[in-house]
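Derivation of every value follows stated rules applied to the coordinates shown; laboratory data play no part. This is a predicted model, so every value here is computed, not measured. So basically every Cβ, Gly included, is an ideal-geometry build from the backbone, and we count neighbours across all protein chains shown.
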Amino acid sequence: MCGIAALQVRDPALRPRLGALLAGMTCRLVDRGPDAAGVAVYDEPGLLPAGWSNVSVLDPGRPDWPDAVAAALGAEVDVRHVGPTAVVRSRTTTAALAGAVRTAVPEATRIGRGRHAVTLKGVGLAADLTEAFGLDALGGTQGIAHTRMATESAVVASGSHPFSVDDDLCLVHNGSFSNHATVRRTLRRHGVEFDSDNDSEVAARFIGHRMAAGDTLTEALERVVGVFDGFYTLVVTTAGTLAVLRDPIACKPAVVAETAAWVAVASEYRALAELPGVETARIFEPEPGRVYTWTS
Amino acid sequence: MTTTAVTVDLAARPVRDLNAALHAPDPAPRWRVVNPAGAHNVAVGVDAPVAVQIDGPVGYYCAGMNQRADVLVRGNAGTGLAENIMSGSVRITGSASQSVAASGCGGLVVVDGDTGARCGIALRGADVVVGGSVGHMSAFMAQAGRIVVCGDAGHSLGDSIYEARLYVRGAVASLGTDCVEKPMLGEHLAELAGLLTWAGRDEDPAAFRRYGSARRLYHFDSANHTAY
Amino acid sequence: MQLRESATFDRHAIAAIQRAADTGAYRIRGWGAKRPLPHFDDLLFLGASMSRYPLEGYRERCGTDVVLGGRHGATPLRLEVPVTIAGMSFGALSAPAKEALGRGASAVGTSTTTGDGGMTPEEREHSTSLIYQYLPSRYGMNPDDLRRADAIEVVLGQGAKPGGGGMLLGQKISDRVAAMRTLPTGIDQRSPSRHPDWTGPDDLAIKIEELREATDRRTPVFVKIGASRPYYDTALAVKAGADAVVLDGMQGGTAATQEVFIEHVGIPTLAAIRPAVDALEELGVHREVQLVVSGGVRTGADVAKAIALGADAVSVGTAALIALGDNHPRYAADYERLGSAPGYYEDFQDGRDPAGITTQDPELTGRLDPVEGGRRVANYLRVLTMEAQTIARACGKSHLHHLEPEDLVALTVEAAAMARVPLAGTGWIPGAL
C-alpha cells in the first residue's frame, strides 16, 4: 500500500530537472508510504555514463568488496555510493557485471540493473531518502518512484520499490495481490529466483519472465490481468517506455497528466500540483484492466 | 450587499486552520481558498450557510459531509468528493476521481468534467450531475437520489442498485446486475429538466435515457446465485 | 447391533446436505462459531503462593479503569471497567435492547457501541460513552451523530466474517429500520464488504484524517478488524492513525451470516491476541494504542486472560444479549414453537426472537423492559469485573493491567502454541524459538 510517482520527459530542455520534479512528486506522497522509498532514473549521465552497465546493490558495508567484484569480473568497476545504495558500474554487459557482483558479494541484495536505469532505494521517509540520493540534482529522460506502507512483508530496504529485476525494467505497485504466492511458485518452477518476500516483486519477475520469452511490455502487462488477482495500480518502465495498468476493479488511485513536454502518473493530484504547465495538462484516470504506454 | 471573501492560503496555513475557522460559530459568509495543491480534507464537515471557493486542485474527501455550505472547486478533485453530503452544494469545474458523493444523503453535487469509478456509490438521497462521463460501477448499490450523466457511463452502471434514479445522455458501456433501462415518462422529463437547470446546464432532457432497479435482488433467491 | 455415527458424515453434516438439497439456499443464522476451538478455557492462571504474594481479596485495591484513544490528543474514553459493549446494530437489535445496553454500560461506567444502521436517540440518551461505528454500508451515517459520538470506530470487519459484508433479512426491515437505512421496507438488505470511498491502509490514513477534521480532532478514532491476519492488520491500523484497535475473533457473534462463513473464516480469539500485541510492541505503542479484544468473552476469567495476553479491554456482544434475557428458559415454550430451545436459539436473522431482543416485531419488542434489561446488563458487567479482580489479586496485581502472559499456563498444546504460554507443569512453549 503505497504512493506512486512517475515522470517521462518529452521536452529535452526539461531533462536536467527530472530528478527535482520527481523528488517533489514523491515527497508529496509520503503519507501514503512512510516506511520506505525508492526511485529509478533513466539516462542520467552522472550516475551512469552512456554505454556503461550498472548493477545497484544495498551497500554491503564491507570495505574491500568493490575490488572483489572487479576481480570476479576481470575488468575495471567503478562504485558510486548513493545513500544506502551502491551503484556498481562497468563497461561490460549487465549480465557479466551482475554475475560478478553475485559471485563476489553474495550477501549484497541486488536492487537494480541496466544500461539506462539506475535504481536507488532505502528504508525511511521519502524526503530523507531523496536527499540522500541527491535526487534534486539528477537529470534524465524518465523516472519512477515509490513510497511504501508495507502490508504483509517486512520493512526492509530489499522490500522497497521500484523492483528492477531485469535490464532497465522497473516496477512500482500500489495495492496487494491475493494470489502472488501461487504465481511465485509457478515462476520458481521455471527457474526464476527471488530476492524478497514482497508480492510486488512477483509481478516484476512475471513481467521480466514474459518479456524474456518474447512478449512486448504491453503483452506482458495484458497477461498480468489474467494471472494476478487482487488490487493493483502498476507503473512499469523500460528504456524509453512508461506503462500503467490498474486491476479490473480499480480501487487503488491513479491519475495521469500529459502535456507536450511531459507525461506523469501519480497516486494523487497533489503529486502533480507543482509540475510545470499542469494547469493545462490533459488529466485522466486510467481505465480498469487497460494497458497504457508512452514512449519517449 | 456583497461582502469580501475571507482568503485562506493553504501554502501558508494548514487545512486544520481552514476547517476550524469554517466550523466556528457564525463563520464569515464567503471564503476563498488558494493554493490547495491537491490537499486532502479541504472544507470537510462544514455545517453553515457559507460559500467557499477553492482555486486549484483538491485531494481526497473535499467538502465531505457537507451541510448547508456551497462549495466551488475551480480545478480537479481526488477520491470521495462531497462524500456523505447532507445538504448544500458542491460544484467542481474540472474532473473528479472515484466515489463522488459516496453515500451522499442530500444536496447537489455538480462535476463539470468527468468522474472516475463508482460515482454515486451507495447514494442515499443526494443529487449528482456530471457534465462529462462517469467511470465503471457508478451508482453501485445506490439507494436513493438522482444521478445525471451528460456524457457516457462506464461498465456495470447501477450494479445492485436500489431506488436511486439514473439519467444518462451518452452511451452506457454495460448495465450492472439488476439495473435496467426504464421508460422516460413526463414526470421523469420534468424531474431531469429541474436537475439540469439546478446544475446550470442546458442539455435537452429528451436526449437522456433513464435507468433504475429491476428489484430482482430485493429478496434472496438461490436462483440468483450468479448475481451475488 | 451397535449403531455407529460417522465422524465425517456426522448428523450435522448429513442435515446440512439434506437441507441444501431441500432448499437450494445456504444456511444463514446468527450467533458465532459453534465448533470446538482453542479458547481462554484452555488457559489457567498461576496464583501466588510462596514466590509471589497475593493481594487481600476484599480489602486491597485492584484497579480496573482504562483510558482508550488519547494518543493523538483527542478526548479519550475514560472507562471504569475494561469491559465494553460491542457494536450491534439497531435493526439487528430492537430499540429497547439498544437502550438497555446503554443503560447497563452507563451504570458501571463503560461504553456501548452503535452498529450497522446508525445511532438511535434512545441509545445516545442512555449511554454516557457511546462509540459510533463507521461502516462500509454507511447506513444511518450522518455528521450530526458523528459529532455526538464519544469515539468513532471505523469497521473493516468482524470476527464472525472477516472479509464479508453484513445482511439483514426483510423480516427485520421495519419502517423505522428502513427509514434509518434509506431502504425499502421489507427487503433483504445486504451490506458491502468494502468501504465506498477508500480501500487499503494508505487511503484509510486519509479517511481517519477526514473524521478527525470533521470532529475538530476531539473524537478518538478506533479501527475494528476481524481476526485473520492480526499482526499485519494491527500494524497497518496503527500506521493509518488509529487511536485504538478493536480485534474481533471468530467466536464473535453476528445477527445474520452464512453459516459457512461463521464456521470457516477467521481465527480464534485466543490465536489473534499475541500477533496483534507483537505488532503494537514492535511499533512501540503497546498500551498507548489500546487493544480491545472481543469474540467469545463470557466470564471474568476470560477478561483477565485477554488482558494478561496484552489486551487493554474486552468487548462483549453475545454475552450481553444473554444477560439481557436472550435464550432464557422463561421463553422455553416460544422457543419450542420455533423449533428451538433455550440455549440453542440462534435464528437472530429471523425477526421472531421470543426474548424481544433481536426483533423489530412490536409485540415481541414490548417484552423487553429496557430498565430491567439495563439492570441485568449492569449486574453482569459488575460480576465480570469482580471475577477478573479476584484473579488479579490472587496473582498479586493491584491493577488488572498488571496481569501478564507469565501469569498463565496452558492445558493443551494448541492453546500453549497460540497463546505462547507454557504447557502447564512444563517450560515448553510449542513453536517458540
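Brief remarks on what is shown
- Assuming charge only on the beta carbon of Lys and Arg (+1) and of Asp and Glu (-1), the dipole of the stretch A:73-202 about its Cα centre is about 360 debye to the nearest 20.
- Efficiency of FRET between C:ARG35 and C:ASP216 - r from beta-carbon atoms, R0 45 angstrom, step 0.05: 0.45
- Straight Cα distances below 22 angstrom link C:LYS397 to the lysines C:LYS305, with same-chain residues fewer than 8 positions distant left out.
- Take every pair of alpha-carbon atoms less than 8 Å apart whose residues are at least six positions apart; their mean separation over the length of chain A yields a relative contact order of 24 percent.
- Nearest-20 debye value, chain C charge dipole, Cβ charges on Lys, Arg, Asp, Glu: 260
- Relative to the longest principal axis of the Cα atoms of chain B, the long axis of helix B:186-198 lies at roughly 20 degrees.
- Placing dummy labels 7 Å off each Cα toward the beta-carbon, the span from C:GLN18 to A:ASP128 is 6.6 nm.
- Applying both filters, DSSP loop and at most 11 other Cβ atoms within 10 Å, to the GluC sites (Glu not before Pro) of the stretch A:190-285 gives A:GLU193.
- Axial C-alpha extent at least 30 Å, average Kyte-Doolittle at least -1.0 - helices from chain C (DSSP): C:370-394
- Chymotrypsin sites (Phe, Trp or Tyr not before Pro) within the stretch C:101-159: DSSP coil, no more than 10 neighbouring Cβ in 10 Å: none
- Sparse-neighbourhood loop sites, trypsin sites (Lys or Arg not before Pro) in the stretch B:152-228 - DSSP loop, at most 13 other Cβ within 10 angstrom: B:ARG216
- A simple charge model with +1 on the Cβ of Lys and Arg, -1 on the Cβ of Asp and Glu and nothing else charged puts the dipole of the stretch A:163-296 at about 340 debye relative to its Cα centre.
- When chain C is described by a simple charge dipole with +1 on each Lys and Arg Cβ and -1 on each Asp and Glu Cβ, the residue from C:GLN360, C:GLY252, C:ALA392 located farthest towards its positive end is C:ALA392.
- Counting Cβ atoms of other protein chains within 10 Å of each Cβ in A:242-250 and taking the mean gives 2.
- Shielding by partners for peptide C:184-197, expressed as the average number of C-beta atoms from other protein chains within 10 Å of each residue's C-beta, is 6.
- Placing unit charges on each Cβ (+1 for Lys and Arg, -1 for Asp and Glu) gives the protein assembly as shown a dipole about its Cα centre, and among C:MET50, C:LEU79, B:ASN84 the Cα reaching farthest toward its positive end belongs to C:MET50.
- Potential extension, A:HIS190-A:GLU76 segment - 0.36 nm per residue separation minus Cα distance: 37.7 nm
- Extending 7 Å from Cα along the Cβ direction at C:THR412 and again at B:ASP55 yields two label points whose distance is 6.9 nm.
- Entries in A:LYS252/C:LYS224; C:LYS172/C:LYS239; C:LYS34/C:LYS207; C:LYS34/C:LYS239 that, when Cα-Cα distance is taken, lie over 32 Å: C:LYS172/C:LYS239; C:LYS34/C:LYS207; C:LYS34/C:LYS239
- Separation in nanometres of the label points that stand 7 Å from Cα toward Cβ, at C:GLU363 and A:ALA212: 7.4
- Taking the stretch C:272-288 and a reference point 7 angstrom along Cα→Cβ of C:VAL67, the backbone N atoms nearer than 18 Å belong to C:285-288.
- Fully extended contour minus Cα-Cα distance, from A:THR295 to A:ASP64, at 0.36 nm per residue: 79.1 nm
- Per-residue mean of C-beta atoms belonging to partner chains within 10 Å, peptide A:101-108: 0
- Gyration tensor verdict on chain A (Cα atoms; rounded if a/c is under 1.5, prolate if a/b is larger than b/c, oblate otherwise): oblate
- Dipole of chain B, positive end: most advanced residue of B:LEU217, B:VAL149, B:ASN19 [Cβ charges, Cα centre]: B:ASN19
- Ignoring aspartates and glutamates fewer than eight residues from C:LYS161 along the same chain, the ones with Cα atoms less than 20 angstrom from its Cα are C:ASP116, C:GLU153, C:ASP188, C:ASP233, C:ASP248, C:GLU259, C:GLU263, C:GLU346, C:ASP347, C:ASP350.
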